[in-house]
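Quick notes on the structure that follows.
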Amino acid sequence: MSFIRNNFARILVATAMCAGVGAATADADPLPPMPGDQNQLPELPSESDVYPFFPLPTPADDPWYTDPENLDSMANGDIVRSRDVQHYMFGLPWPVATRQILYRSTNSHDQPIVTATTVLTPGIPWAGGPRPLVSYQEAIDGLAQVCNPSYTLRAGTFKESSAVQSFLVQGYAVAIPDFNGKTNAYLSTGEGHMVLDGIRAAQRDPALGLANSPVALLGYSGGASGTGFAAEQHHNYAPELNIVGAAFGGIPGDKVGIAEFGASHAAGQANFTLWLAVVSLSREYPEVFGHYDEFLTPEGVALANDMNDRCLYTGAATGAFRPMSGYLRDPDFLRSPEIRSLLENLSFGQPQNRPDIPLFTFHSTTDQLLPFEAAYETTLQKYCAMGVDVRFYPVPVSEHISGEVFGYVPATLWVTAVLRGVTPEPSNCPAT
């Protein structure tokens, strides 16, 4: 009965979360009234309010995530501890071997940190060489630890299960890293470190038998951020890894263009992306952003504080149709030399970060969240100019979500092919 009751609780709470029903917790500070021409949704409970009702401890209450005392002396990718867990999907246990590894990595400032990866291995025998490994970067897009896949895979709320299953049914192993770390440093360069060190950790765990596996990277949108950083950092940070290719779409490549678009009234539903990014980057780069109250109005500070513990769904509902330009003390804050320099350094296509592996990229030509011109076109031009081995496939008559659906099939086929040793088709640069 406890099994049924626990899983029934998972289903009920997951349904409530996805529907966005319920009231905010009683002790939460209410948001100030919003302008009449902006998002007027009622204050929603955050995922951090809901997950304590699940029958497993949140990461903050789980001692497994604790930093080791000897972290400074460990090497990147070294295993701190590991455990076998149960993977749930929509409240039901999923029949796949699931192993979690806590490992050492570094953040954007090369400071030592720990984060986790979850490795799924199907019960399908693999013959003819090492079992291939796909490092799958979920679009975490959240600011709380409960948003990370090491927790949602156990809670049954991991939102990209269908994308992962296509590799498991072929017999591939799939590693899903918490590539935003414990601080959920969304869109920072540390994402690439955590992806690459997650692969190292998976290959160093003797229980998994993946030491000599060929590896491919895959991710969309927020997952494309971690995938892209890893592809660009491979030759400098982890050249020993046998990464045979990276596929990513819905790419947040040009951070300057994204910030300009996301702050504007024209962004509409996409306004939430900049709120998530600014809150995250102010954690990772406080020397540039400072504290919210230094550049946001009191209403903006309240909104940023409200976003602090939200994951994608409630963060999107809260920040949509609320342009940050209306909450800045200085309307030119995001154009300041310090901010612009940081955003340029975080953008893909910097000469020193030229990818040394084949790339498969795709993007909706009518993407409403990360517009092609603002988010990706500049990156594509830079890659082509540098002679990167890149393939670009535009997805017409689509938007951000359908762009993923339509682009995922060829991306998956391409990843499957390169992992099986097929030589990829040549670059289609210069792309138009």
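Net charge dipole, the chain: roughly 1400 debye, given to the nearest 20, about the Cα centre with Cβ charges of +1 for Lys and Arg and -1 for Asp and Glu. The three principal axes of the C-alpha atoms in the range 63-131 carry coordinate ranges of 38, 35, 21 Å, sorted with the longest axis first. Where Lys and Arg each count +1 and Asp and Glu each count -1, what net charge lies around ASP72 among other residues with Cβ under 13 Å from its Cβ? Neighbourhood net charge equals -3.
Taking other Cβ atoms within 10 Å as a rough exposure proxy, ILE176, ILE124, ILE113 sort from fewest to most as ILE124, ILE113, ILE176.
The value of relative contact order for the range 302-432, using C-alpha pairs under 8 Å at least six residues apart, is 22 percent. Seen through its C-alpha gyration tensor, with square-root eigenvalues sorted a ≥ b ≥ c, the range 216-357 comes out prolate because a/c lies at 1.5 or above while a/b is bigger than b/c. Modelled this way, with points 7 Å down the Cα-to-C-beta line, the labels at GLN368 and GLN86 are 4.0 nm from one another. Here the extension length gained between GLU287 and ASN242 equals 12.6 nm, from 0.36 nm per residue of separation less the Cα-Cα distance.
By the beta-carbon count within 10 Å of each Cβ, the least crowded to most crowded order of SER280, SER161, SER402, fewest first, is SER402, SER161, SER280. Need one word for the range 360-432: rounded, prolate or oblate. Basis is the Cα gyration tensor (sqrt eigenvalues a ≥ b ≥ c); a/c below 1.5 gives rounded, then a/b vs b/c decides. Oblate, since a/c reaches 1.5 and b/c is not below a/b. Inter-label distance, ASP67 to ALA385: 4.0 nm, where each label sits 7 Å from its Cα along the C-beta direction. For SER341 and LEU56, the difference between the fully extended length at 0.36 nm per residue and the C-alpha to C-alpha distance is 98.4 nm. Altogether, the Stokes-Einstein calculation at 10 °C and 1.306 mPa s, with the Kirkwood radius of the range 310-349 over Cα pairs as Rh, returns a diffusion coefficient of 130 µm²/s. Here the 3J(HN,Hα) profile of the range 420-427, calculated from phi with Karplus coefficients 6.51, -1.76 and 1.60 at θ = phi - 60°, is 8, x, 6, 6, x, 4, x, 4 Hz, Gly and Pro shown as x.
Based on DSSP, what percent of beta bridges with both residues in the chain are antiparallel, to the nearest 5?
If we restrict to bridges inside the chain, about 50 percent are antiparallel.
Relative contact order of the chain, taken over Cα pairs closer than 8 Å and 6 or more residues apart, is 15 percent.
Please work out the C-alpha center-to-center distance from the range 328-366 to the range 238-268 and express it in whole Å. Each part's Cα centre sits 7 Å from the other's.
Work out the charge dipole of the chain with +1 on the Cβ of Lys and Arg and -1 on the Cβ of Asp and Glu about the Cα centre, then indicate which of VAL278, GLY190, TRP126 is farthest towards its positive end. Positive-end residue among those listed: TRP126.
Near the amide H of ARG81, within less than 5 Å, lie the amide hydrogens of LEU102, all on another chain or at least 5 residues away, with H placed in the peptide plane. The string of couplings for the range 326-331 from the Karplus curve (6.51, -1.76, 1.60, θ = phi - 60°) is x, 10, 8, 5, 10, x Hz, one whole number per residue in order, with x for Gly and Pro. Counted by Cβ distance under 10 Å from TYR220, the other residues give a net charge of -3, where Lys and Arg count +1 and Asp and Glu count -1.
Look at GLU377, GLU287 and count the other Cβ atoms within 10 Å of each Cβ; fewest to most, that gives GLU287, GLU377.
Values in this text are rule-based calculations from the coordinates and carry no lab data. Owing to the predicted nature of the structure, the values given are computational and were not obtained by experimental measurement. In this analysis, Cβ positions are derived from the backbone assuming ideal geometry, glycine residues included, and neighbour counts consider all displayed protein chains.
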